[in-house]
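Encoded as structure tokens, the structure appears first; notes follow it.
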């Protein structure tokens, strides 16, 4: 039976403003992360370090983003999403600001990796969960719109960051990125909470915040384990595609445009993936598996792109497939645990995924240092994605017929 104090998703209204907030937040978090490959070569040259060590800057930020997922969800449950996201915006901008004064890689690890990463953690989970709570019938499409900001921002930010680096050097460019990141505060102000039915709001269950019961819920554990493997490979092109293109002899702007083109494809993939999921009579987890397999295959094929046009085509293919799986990952969470536990589910999943994100880019950089190019890096990253997609087959009732969403949420809402 549904919780009488839980508000019904309006499937519209102010929910579209919440989608706009999610769009801006995904743009200013993952758009920045994905475009950071522009700074990669600058850091390697300035600090005189190996690619493997420089890769830790982005990897620590992504890992802290995901590791702090339960913190963001717990604070949002206690105080509401709006103040938590606004605080995260302050921290993310402050981290970039301090990074512009860095004199060693350790300073970048602490400022971008730890401080900005914590800010991103406070922004991301509450934003995605807020969209899921405002929509039911059109949840996948609304989630796709919200997370598509990352694709559009990546398209704009890659050449913009390169221009900023050429004009102001990397320190001045990071100051501008800090100013852009502070706009997360304004985006967070749009997250108006839903009012519960009845006169009183239910108090947050503090015990569940400290002792998440989902760790004993086998479908959730399998789902999260699959995305630990997926994340070990997923972010590798966003860190190393630009350096790979530079090593093939393409200039910095052509290399940055590769990332921009993949970002446009990512944007189209997120919109198409969410739109198709709401209209095709296939379980979300089945569509998710298909897109994850295609993403892994396109990653494995990236080293074949020795000419600029072929590398562009493979990058676009990867971007589209990688984008399509994102809204399905978060929409499938409602299918796995129910909307009542989606905040906790996304937060805990993000924390577990941090293990894969932390290893992925540094392992890719280490393989490049050992082999002299990025061929092995992309092949291993693709193998991680394929392994994660195969693990999804182990989910209970994976091959069963689609369930009614209402029934699904009622039966899985309290694992």
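The values are calculated or read from the model by the stated rules, or taken from the named source; none is laboratory data. Being a predicted model, the structure only gives us computed values, none of them experimental. Glycine gets a Cβ as well: all are built from the backbone with ideal geometry, and neighbour counts include every protein chain shown.
Residues in segment 114-125: is at least one at pLDDT 90 or above, outside any helix (DSSP H, G or I) and surrounded by fewer than 24 Cβ atoms within 10 Å (Cβ to Cβ)? Looking for residues that are at pLDDT 90 or above, outside any helix (DSSP H, G or I) and surrounded by fewer than 24 Cβ atoms within 10 Å (Cβ to Cβ), one finds none in segment 114-125, hence no. Sort out which residues of segment 378-397 are more than 11 Å from residue 226 (Cβ to Cβ) and either without any contact (Cβ under 8 Å) to a residue 12 or more places away in the chain or surrounded by fewer than 16 Cβ atoms within 10 Å (Cβ to Cβ) (or both), and write them in order of number. Across segment 378-397, the qualifying residues are 396, 397. Residues in segment 58-77 that are over 19 Å from residue 349 (Cα atoms) and surrounded by fewer than 24 Cβ atoms within 10 Å (Cβ to Cβ): none. Which residue out of 346, 316 is under 26 Å from residue 277 (Cα atoms), crowded, with 18+ Cβ neighbours inside 10 Å, within 14 Å of the chain's Cα centre (by Cα) and touching a residue at least 40 places away in the same chain (Cβ under 8 Å)? That would be 346, the only listed residue that is under 26 Å from residue 277 (Cα atoms), crowded, with 18+ Cβ neighbours inside 10 Å, within 14 Å of the chain's Cα centre (by Cα) and touching a residue at least 40 places away in the same chain (Cβ under 8 Å). Of all residues in segment 181-221, those being modelled with pLDDT of 90 or more and more than 29 Å from residue 17 (Cβ to Cβ) number 0. Take the residues in segment 237-260 that are assigned to a helix (DSSP H, G or I) and surrounded by fewer than 19 Cβ atoms within 10 Å (Cβ to Cβ), then tell me which one is farthest from the chain's Cα centre (by Cα). The selected residue is 247.
Applying a threshold of 7 Å to beta carbon distances and a minimum spacing of six or more residues, or different chains, the list of pairs starting in segment 48-73 at a residue that is on the phi < 0 side of the Ramachandran plot and ending at one that is at pLDDT 80 or above and not in a helix (DSSP H, G or I) reads 58/36; 62/235.
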